[in-house]
Every structure is written in structure tokens, then in C-alpha cells.
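Below is one structure; the comments refer to it alone.
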Amino acid sequence: MDKTTTNRNKRLIWQIPFLTLLIVGTILIIRQQHSMPYQKCTGLIFGTTYHITYQHDDDLHAELLAKLKEVDATLSMFNEQSTITQINNNKDVKPGKMFVDVFQLAQKVSKDTDGAFDITVAPLVNIWGFGFKKGLTPNNQAIDSLRAFIGYQKVSYDGKHIVKKDPRIMLDCSAIAKGYGVDVAARLLDEKGIENYLVEIGGEVVTKGISEKRLPWKIGVTKPTDEPLADGGELQTVLNVTDKAMATSGNYRNFYYKGGRKYAHTIDPKTGHPVQHNILSATVLCNTCARADAYATAFMVMGLEKAQKVLERNPDLMAYFIYDKNGKNAVWYSPSLKNKILE
């Protein structure tokens, strides 16, 4: 046996223990992942329900709820002490990072959608009876008087305060707050090193890894219906949303009838009236739920053709639209979403 062969054999002998340790370590990690329990917690927040499932040895419900309450204390218009309520009441308040993050994202989406998404729409939402102050069906004069101080360009952040061009401006973050709350809970789980979880608040979702069935996370998209009180609902499709955020906006979820006419909760900031476009449901997938939430609302305002143009210049966004076509439900979805549609 020559010297080269001897040296090679010696190296192989030294490598065997390390390879053995590597194999054993991998087996132990896999066993630990299979034996580690999936925790589940549920409750009420933001006027809706939340469901969180995550694989971890410890119960993190208290920490998760504390984070969600922090979001509520920042963005809830029903909380008289919240940051947004104080801003709406023109109090001298310096908003924290949560509020600034949401405000800046909202302004970015507003600009990208030409104002279809607009958090200054609060007075219009209220006067139509969908907001935190109940109103009556308004006349055109009342709507026009409110439109005078509606517009995302009329409010800004100067580094310390939210600056309004008109003190009557009121902010409404309800079309982005749930999504942001989902992101906040997901970030906490990420910080804990958790690899497998699902966070859902009022239908808005973020997932990571796999479910306790060792399968990808699957979320159903409900068929639009004029019966919002119906339990559950028939599914239009099921999507694989692993490692993605998903949000859905639909006028079928929140509306009322008055005088034989249906009034949808999505208000067009430019006209001041509930939208009359053909999209019945807009589901958006991307990397953060706050962004998905905001764009889903914007697409409901914009209608199908304008929404498709926004998607073209935002390739990281994927959308699934259910829309009315000659009195029947039709479907359009982003080509990049095709491999995520399970049924």
C-alpha cells in the first residue's frame, strides 16, 4: 500500500465519527420536530376572531395576545385611548413605530393605486353606516361636503406627528389593521425560531412551514353570497399558501339593504359612494399580510381591468378575483398563482 493510499484511509477513518454524529444529529432533530406539539390559541381582537396554530413546546398565547392588544391600542377607532383616535380628535400625540409603519405603507399603496386605497375615507365610511359612527343614507350634498377633505395627499408624517391639511380629516385603518396584526403575531413567532405556524385574524392569514398533518397549509376561498349570516359557506377554490400572506376583501361580507337597494361597505374615495364594480371578491397573496389586505381593498374599488394593471407592475402580488360576468360568477387569477390552486 503506497503512502498516498494510507493517508487517504486515515482521513476516511477520521471522517467516519463526524459523519456518524451528523446522521445521528439529523435523526434527533427530525424526531424532535415530529414530537414537538402544535399549540393552538383563539380569541377576539379588532372586533373579530383570531386563530393561531404553531409548533412549539411552550404556550405563547399571552405574549401573542399582548402584541395584538398593542396593535389594537394603536389602530382601533373603537378604542377611545388609541393612537388613531387621538389623531382623529386632533390631540398632540407622537405616534409610535406601529402607527408610522402602517401609515407609510398605506400612503405607498394609495399612491400606487391612484387613491383607490385611502385611509382618509373614514368620514365617508361613517356617513354610509359602515364605520365607527353610524350614519344615515346620505344625499349628494352631504357626500360632496365630505369629499372636500378626503384624500391621502392631505395628510403626511413629518417625523414626529401626523400632519393634516384640514382638522376635519379622520383616518380609518380598518382595511389594513387586521393584516398588520397578523404580521405582528407572525413576527413574534419568527423571533421565537418557530418554523411551522398559521396566524389568522378575521380571514387574513400568514403561514410558514407545514401543518401538524405534515402537509402544506391550505386555505379556502369562499364563494360570494348575499347571505352574510350563513354559517361557513361553499368554497370557490382551495389555495396552497405556505410561506405566504393572504387577505380577502369582498362586498358580500359586509353590506345592508335599505329601500330595496343593496349598499356595499367598500367606498370609492373619489366618488364618495359604495363601489359598483364587477369584482365580488378579491384575494391577494404576497409576503406581508398588511400589504395583501390593503391591495385587496384597493382592487375592490378599482374593478377588474385597473386591478390587472396594478398587478402587472407589482409581480410579487398574486390575486384571485371572483367577479360578475353577465349575472354569473366568473374567475380570473394571476398566472403566477396557477400552481397554488389545489381545487
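If R187 satisfies all but one of (1) at pLDDT 95 or above; (2) surrounded by 18 or more Cβ atoms within 10 Å (Cβ to Cβ), what's the number of the condition it fails?
Of the numbered conditions (1) at pLDDT 95 or above; (2) surrounded by 18 or more Cβ atoms within 10 Å (Cβ to Cβ), the odd one out for R187 is (2).
If you scan the range 62-82, which residues turn out to be exposed (fewer than 15 other Cβ atoms within 10 Å of the Cβ) and free of Cβ contacts under 8 Å to residues at least 24 places away in the same chain?
A62, A66, E80, Q81, listed by residue number.
Take the conditions without any contact (Cβ under 8 Å) to a residue 40 or more places away in the chain and either under 17 Å from the mean Cα position of the chain (by Cα) or part of a strand (DSSP E or B) (or both) and apply them to L44. Does it pass?
Criteria met by L44.
Quick one: how many residues across the range 72-106 are under 25 Å from A296 (Cα atoms), touching a helix residue (DSSP H, G or I) at 6+ places or on another chain (Cβ under 9 Å) and β-branched (V, I, T)?
4
(1) exposed (fewer than 10 other Cβ atoms within 10 Å of the Cβ); (2) at pLDDT below 95; (3) over 24 Å from R168 (Cα atoms): which one isn't true of T48, the others all being true?
With (1) exposed (fewer than 10 other Cβ atoms within 10 Å of the Cβ); (2) at pLDDT below 95; (3) over 24 Å from R168 (Cα atoms) applied to T48, the lone miss is (1).
For the range 306-329, how many residues meet the condition of being over 21 Å from M246 (Cβ atoms) and either charged (D, E, K, R) or part of a strand (DSSP E or B) (or both)?
Residues flagged as over 21 Å from M246 (Cβ atoms) and either charged (D, E, K, R) or part of a strand (DSSP E or B) (or both) within the range 306-329 amount to 5.
Just name the residue that is surrounded by the most Cβ atoms within 10 Å (Cβ to Cβ) out of those in the range 190-205 that are more than 8 Å from the chain's Cα centre (by Cα) and within 22 Å of V109 (Cα to Cα).
Here the residue is I201.
Condition (residue is free of Cβ contacts under 8 Å to residues at least 12 places away in the same chain, surrounded by fewer than 18 Cβ atoms within 10 Å (Cβ to Cβ) and closer than 30 Å to D243 by Cβ) applied to the range 91-99: is it met by at least one residue?
yes
Can you run down the residue pairs with Cβ atoms below 8 Å, 6 or more apart or on separate chains, where the first is in the range 330-343 and more than 14 Å from V221 (Cα to Cα) and of a type outside the set (F, W, Y) and the partner is modelled with pLDDT of 90 or more and assigned to a helix (DSSP H, G or I)?
Every condition considered, the pairs that remain are S334/L311.
Do we find that T85 is within 20 Å of the chain's Cα centre (by Cα), crowded, with 20+ Cβ neighbours inside 10 Å and more than 29 Å from Y197 (Cβ to Cβ) in this structure?
No.
The values are calculated or read from the model by the stated rules, or taken from the named source; none is laboratory data. All figures in this text were calculated on a predicted structure; none of them were measured in a lab. In this analysis, Cβ positions are derived from the backbone assuming ideal geometry, glycine residues included, and neighbour counts consider all displayed protein chains.
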